[in-house]
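Trainee: Got a structure for you, questions after.
The values are calculated or read from the model by the stated rules, or taken from the named source; none is laboratory data. Since we're looking at a predicted model, the values are computed, not measured. Note that each Cβ is placed from the backbone with ideal geometry, even for glycine, and that neighbours are counted across all protein chains shown. Surface areas here come from the heavy atoms of the whole protein model, side chains and all, with no ligands, DNA or RNA. Shrake-Rupley method; radii C 1.70, N 1.55, O 1.52, S 1.80 Å.
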Amino acid sequence: MFRNLRPDAVLVQAVIAGALSFAHLHDLAAAAGQDGWKAWAYPVSVDLLLVAAWRRMRTDTANRDAWLWFAIALIASLGANVATAGMLDLHNVPPWLRILVAGWPALAFLGGTLLAHAPSPDPRPAPEPEPAEEPVLPDLTVERAPEPAPELPPAAPAPQDIAPQLTPTAPAVPVPPALLDHARKIADAHRAQTGTPIDAGTLRARLGVPAALADSIALQLA
């Protein structure tokens, strides 16, 4: 029951508020020198601009022009209501107010034209991009040629199959006969003193010869 009465109460309140605002705008326009039918046209112009801006804000909340013209129409309506409430002497209206009232029709025409011809947003949602179709590849059978077996390296010979290497008995470095005689004397003296044969290291140190030559001498003295 209350749900059915609520819209009626709101409608009655809107009619009363509109009538009072309409009367205040008429009185202000008449006081500013707009008599006859012109005084009645001013409140209609203000209220129509207010409604047009409000409808534009309902459909496009991001439209700044709609908010601007709504604020202008609201200030004009509130200003007339306050001015006719005893804040202004309607029998002695200042010149600036007469200028504002006289210039209002052009301002209201500009605002109404801009609101009427503003592009409306598209209410339909943006279409979602269709997923790209994956290309269908034909079934291909790939036959691979058999790879040849890798060749194995030859097997290493067993240790018993390896022929033993003979140690050469010939000297690797030729030894002069005089140097060999001198080395033999040193070796005999070393054996007489120590009782052991002379080695290649000692022979090298005594003769002052390279290691390879000392090895050849020691090999021939053995």
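Trainee: Kindly sort 24, 182, 190 by accessible area of their heavy atoms, largest first, with the probe set to 1.4 Å.
Mentor: Largest accessible area first, the list is 182, 24, 190.
Trainee: Shifting gears a bit: Could you give the length gained by full extension between residue 194 and residue 37, i.e. 0.36 nm per residue of separation minus their alpha carbon distance, to one decimal place?
Mentor: That pair, residue 194 and residue 37, stretches by 41.1 nm at full extension.
Trainee: Per the 1.4 Å probe, what fraction of the accessible area of segment 1-81, in percent, lies on carbon and sulfur atoms?
Mentor: The value for segment 1-81 is 68 percent carbon and sulfur by accessible area.
Trainee: So if R0 is 30 Å, what FRET efficiency would residue 89 and residue 16 give, r being the distance between their Cβ atoms, rounded to the nearest 0.05?
Mentor: So, using R0 = 30 Å, E works out to roughly 0.65.
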